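Report on the structure given below.
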Amino acid sequence: MFKRTTFFVLLLIIVGGLYIGSIIWCQHNINNQILTNTISETRIKFGEFEKTEVFKKKRLEGFSYSFLEASGILFTKLKPLKNTIHYSIAYKSDGLIVTGSMVTPKKDGKYPCIIFNRGGNRNYGRLDFRLINKYMTVLAEQGYIVIASNYRGNSGSEGKEEFGGKDVNDITNLISVLSKESMADTSKIGIYGHSRGGMMSYKSLQNSNMIKVAVVMAGTTNELTAVKDRPELEKNVHAQLIPDYYENKEKELKKRSVVFWTEELSKAPLLILHGTDDKRVNYSQAIQLSSKLDSLSFPYKMVTFKDDDHSLSQNRKEANSMIINWFNKYLRDEKPYNEVKKQMIIINKESP
């Protein structure tokens, strides 16, 4: 009896290991479908653009995708794959070919749109399967078309990234891309940014009045504060990506810092989420912005997650629920802003 039990336990361990290994292999294979590293790879993948063409998409499919979709029965993080369709995209932005991703509901219909803005810089933080599934698929499953850019110069795109300079156009130009998507209701466009993507979202709200609702998680609001908190950021990111950085340091950092031009934001209902233990974007940056917003009677709500980190990993489910509810209320249902309590603190943490 003992030998038989031991045999079945070992068998389960082996089968489980093989299954987990298969999921990892499939995710790696999917990333090979999603990601390109050079413009030559992008051209081979999507083909050449016609003169009037601004948007190309390529659906993710095949055994690896089907396996991950079926695995949603056992793994809740993969469950949304069943009701969504993933596309790799390439589009024209200021004449440049830029890569990105789009996730749509599987069911035909007209859906409100959300532009997701990734964090990081260059290929760090680019749109791979893990990131897409974490930030985009969960929203598409709720009935949204979610689209995102890798920004120029990154992941097989033409041009050069400017960390909040001309590359902001790669976000606002997604609005015209959405107009080419038959399922997109472009009268309802929201924006959602994480980390550096928060800065890109604020810049988009400064430049466009077509964005109706905004959500920012752990977003940068003051790059002058950021370089004091993380001196390596200036050397490794700002100086390398921002044109003529040292000649125009203060001017360029302020251009990328919403606290210096808050009054120029389009007054879209804004949800801010930030953890007090964020080591990448100091929580004080969220406080600085909330003070500015209060002085302008801006339609916003700020949720503080006590002792949580840059990705709100201890309260992820609650954060996702808040984000979905915000978009449902103010984008999908177009309700007027009516938040009585603009500040909220979350203390309870999710179980590991």
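Looking only at residues that are among the polar types (S, T, N, Q) and assigned to a loop (DSSP other than H, G, I, E, B) in the range 312-352, which one is surrounded by the fewest Cβ atoms within 10 Å (Cβ to Cβ)?
Within the range 312-352, the first condition is being among the polar types (S, T, N, Q), and the residues that meet it are 313-315, 320-321, 325, 328, 338, 343, 348, 351.
Of the ones still in play, those that are also assigned to a loop (DSSP other than H, G, I, E, B) are 313-315, 338, 348, 351.
Values: Ser313: 14, Gln314: 21, Asn315: 24, Asn338: 9, Asn348: 9, Ser351: 4.
Of everything passing the filter in the range 312-352, Ser351 is surrounded by the fewest Cβ atoms within 10 Å (Cβ to Cβ).
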Discussion item. What's the number of the only condition in (1) polar (S, T, N, Q); (2) without any contact (Cβ under 8 Å) to a residue 60 or more places away in the chain; (3) buried (at least 23 other Cβ atoms within 10 Å of the Cβ) that Asn207 fails to meet?
Written reply: (3)
Discussion item. Looking at (1) out of contact with any helix residue (DSSP H, G or I) (no Cβ under 7 Å at 6 or more places or on another chain); (2) part of a helix (DSSP H, G or I), which one does Ser284 not meet, given that it meets all the others?
Written reply: (1)
Worksheet item: Name the helices (runs of 4 or more DSSP H) wholly within the range 133-252 that hold at least 1 residues that are aliphatic (A, V, I, L, M) and closer than 24 Å to Leu81 by Cα?
Response: 174-178
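So which residues in the range 255-264 are surrounded by fewer than 21 Cβ atoms within 10 Å (Cβ to Cβ) and either in a loop (DSSP other than H, G, I, E, B) or among the aromatic types (Phe, Trp, Tyr) (or both)?
Start the filter on the range 255-264 by keeping residues that are surrounded by fewer than 21 Cβ atoms within 10 Å (Cβ to Cβ), which leaves 255, 259-264.
Result: Phe260, Trp261.
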Worksheet item: Looking at the range 59-71, is at least one residue among the charged types (D, E, K, R), over 21 Å from Val168 (Cα atoms) and at pLDDT 95 or above?
Response: yes
Item to complete: Would you mind telling me which numbered condition in (1) of a type outside the set (Asp, Glu); (2) out of contact with any strand residue (DSSP E or B) (no Cβ under 8 Å at 6 or more places or on another chain); (3) without any contact (Cβ under 8 Å) to a residue 12 or more places away in the chain Gly47 fails?
Response: (2)
Worksheet, complete the sentence: Taking the range 281-306 and keeping residues surrounded by fewer than 23 Cβ atoms within 10 Å (Cβ to Cβ) and among the small types (Gly, Ala, Ser) leaves Ser284, Ser290, Ser291, Ser295, Ser297
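A quick yes/no check of all residues on (1) of a type outside the set (A, V, I, L, M, F, W, C); (2) farther than 20 Å from Val340 by Cβ; (3) in a helix (DSSP H, G or I); (4) out of contact with any Leu (no Cβ under 7 Å at 6 or more places or on another chain):
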| residue | (1), (2), (3), (4) |
| --- | --- |
| Ser290 | yes, no, yes, yes |
| Leu293 | no, no, yes, yes |
| Lys301 | yes, no, no, no |
| Thr304 | yes, no, no, yes |
| His310 | yes, yes, no, yes |
Worksheet item: Of all residues in the range 165-199, how many are within 11 Å of the chain's Cα centre (by Cα) and at negative phi?
Response: 7
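Pick from Asp278, Asp309: which is among the acidic types (Asp, Glu), under 20 Å from Gly197 (Cβ atoms), surrounded by 15 or more Cβ atoms within 10 Å (Cβ to Cβ) and in contact (Cβ under 8 Å) with a residue 40 or more places away in the chain?
Working: Asp309 fails: in contact (Cβ under 8 Å) with a residue 40 or more places away in the chain.
Matching residue, one of Asp278, Asp309: Asp278.
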Worksheet item: Under 7 Å by Cβ, and 6 or more places apart or on different chains, what pairs join a residue from the range 156-174 that is touching a residue at least 60 places away in the same chain (Cβ under 8 Å) and farther than 22 Å from Glu41 by Cα with one that is buried (at least 18 other Cβ atoms within 10 Å of the Cβ) and of a type in the set (A, V, I, L, M)?
Response: Glu162/Leu241; Glu162/Ile242; Phe163/Val237; Phe163/Leu241; Phe163/Ile242; Gly164/Met199; Gly164/Met200; Gly165/Ile242
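The values are calculated or read from the model by the stated rules, or taken from the named source; none is laboratory data. Predicted model only: the values in this text are computed from it and were never measured. For neighbour counting, all protein chains shown are included, and Cβ atoms are generated from backbone atoms with ideal geometry for every residue, glycine included.
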